[in-house]
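To start, the structure itself, in structure tokens.
The values are calculated or read from the model by the stated rules, or taken from the named source; none is laboratory data. Everything numeric in this text was worked out from a predicted model, so none of it was measured. Glycine gets a Cβ as well: all are built from the backbone with ideal geometry, and neighbour counts include every protein chain shown.
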Amino acid sequence: MSKKIRVLGATGNIGTVLVHQLLGQGHHVTAVARPSARLDALQQAGATVQAGDLHDAAFLTEALRGADAAFLMIPPNSAAPDVMAHYQQIGEATVQAVRASGLRQAVNLSSNGADLPAGTGPILGVHYQEARLNAVDGLAVAHLRPAYFMENLLSSVGMIQHMGITGGAMRPDLALPMIATQDIAAYAAELLNGAPLEGQSVHNLLGPRNYSQQEATAAIGQAIGRPELPYVPFSYDDAKKGMVGAGLSDNMASLYVEMTRSLNEEKLMVHETRTAASTTPTTLEEFAQTVFAPAFRGATAGA
């Protein structure tokens, strides 16, 4: 049965794939995001588009009105001077719009670790958003809690180009669940395409298995023809300086350091019990070949 589905953050890695999958399933999809060429491309693919600011509750209310279901998310803003304020502003505008529009079915992008009330860096923003959505009377909501995005590894493209290494403050041997964003989109599409949601549910998404930074670097190195590529551990201070140098706000860099510290101390992500339902198909080796290597080649060609 065809549904009217709204996708917030439609031009991101998850949203773009999700819009295409829902269109392929025959749904009437409205892509909601800031104006961009990526939004125009979704319109050309058959989606209706609503271009505007996700901080604007009135805009979001109109975008959600009449929907059978919606994919909700707070797009990250790594340059925000106050990251928690960014999450709060969009989060509260979204919840206000959910109430005003009468939306009754939602899949919400959260994160592994969103159950924890402190020490999780930027994940704390989605911890509060889960609570806001759970407080909306009559809203059935499925919270997706994916693990570490494989796409985070793309931030090392410049480092490989200029320094011949990958590196960061994460322990080289720390094995974490890692997931490709296309698998998050596929899971969200399955929920939105399926039977009506009931109540509030949490869905951990843990990728195919756990990988260490050393293993990730080996997979990347193999895919780009640099099998000797090393992973170099950085101090927290040096990692923060590197992030700020790459354009992150001081606040976001500090939050990432906090999250990395919790990961290294094994307070976050490493204790989830893997099940068939939480295991997704795309391996890191596939990601390295199909996503990382093309991105690396494109950046190298354009340098």
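Points to keep in mind about this one:
- Check on L229, over 15 Å from F292 (Cα atoms), at pLDDT 95 or above and touching a strand residue (DSSP E or B) at 6+ places or on another chain (Cβ under 7 Å): no
Matching residues to (1) more than 14 Å from M150 (Cβ to Cβ); (2) buried (at least 16 other Cβ atoms within 10 Å of the Cβ); (3) at pLDDT 95 or above:
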| residue | (1), (2), (3) |
| --- | --- |
| A216 | no, yes, yes |
| D238 | yes, no, yes |
| L268 | yes, yes, no |
| T275 | yes, no, yes |
| L284 | no, yes, yes |
| F292 | no, yes, yes |
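- Counting residues in the stretch 281-297 that are under 17 Å from L174 (Cα atoms) and touching a Leu at 6+ places or on another chain (Cβ under 9 Å) gives one or more.
- Residues that are within 30 Å of H28 (Cα to Cα), out of contact with any Gly (no Cβ under 8 Å at 6 or more places or on another chain), crowded, with 19+ Cβ neighbours inside 10 Å and among the β-branched types (V, I, T) do occur in the stretch 182-204.
- The number of residues in the stretch 40-55 that are within 19 Å of N108 (Cβ to Cβ) and either buried (at least 16 other Cβ atoms within 10 Å of the Cβ) or touching a Ser or Thr at 6+ places or on another chain (Cβ under 8 Å) (or both) comes to 2.
- Any hit, the stretch 4-12, residues being touching a Leu at 6+ places or on another chain (Cβ under 8 Å) and polar (S, T, N, Q): yes
- Scanning the stretch 37-68 for residues that are in a loop (DSSP other than H, G, I, E, B) and touching a strand residue (DSSP E or B) at 6+ places or on another chain (Cβ under 8 Å) yields G46, A47, G52, L54, G66, A67, D68.
- So T260, is it of a type in the set (V, I, T), out of contact with any Leu (no Cβ under 7 Å at 6 or more places or on another chain) and within 29 Å of A106 (Cα to Cα): no
- When V95, V32 are screened for being under 25 Å from N152 (Cα atoms) and of a type in the set (A, V, I, L, M, F, W, C), only V32 passes.
- Residue among R6, R34 that is in contact with a strand residue (DSSP E or B) (Cβ under 9 Å, 6 or more places away or on another chain), surrounded by 15 or more Cβ atoms within 10 Å (Cβ to Cβ), at negative phi and at pLDDT 95 or above: R6
- Summed over the stretch 201-217, the residues that are under 14 Å from the mean Cα position of the chain (by Cα) and in a loop (DSSP other than H, G, I, E, B) give a count of 2.
- Residues being part of a loop (DSSP other than H, G, I, E, B) and not small (G, A, S) - total across the stretch 236-255: 1
For every residue, the table says whether it meets (1) out of contact with any Cys (no Cβ under 7 Å at 6 or more places or on another chain); (2) free of Cβ contacts under 8 Å to residues at least 24 places away in the same chain; (3) surrounded by fewer than 22 Cβ atoms within 10 Å (Cβ to Cβ); (4) assigned to a strand (DSSP E or B).
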residue	(1), (2), (3), (4)
A70	yes, no, no, yes
P76	yes, no, yes, no
A79	yes, no, yes, no
E92	yes, no, yes, no
A100	yes, no, yes, no
N108	yes, no, no, yes
A114	yes, no, no, no
A118	yes, yes, yes, no
L124	yes, no, no, no
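- Scanning the stretch 9-31 for residues that are crowded, with 22+ Cβ neighbours inside 10 Å and under 13 Å from M73 (Cβ atoms) turns up G9, A10, T11, I14, G15, T16, L18, V19, A31.
- Looking across the stretch 270-301, the residues that are under 19 Å from Q214 (Cα atoms) and assigned to a helix (DSSP H, G or I) come down to L284, E285, E286, F287, A288, Q289, V291, F292, A293, F296.
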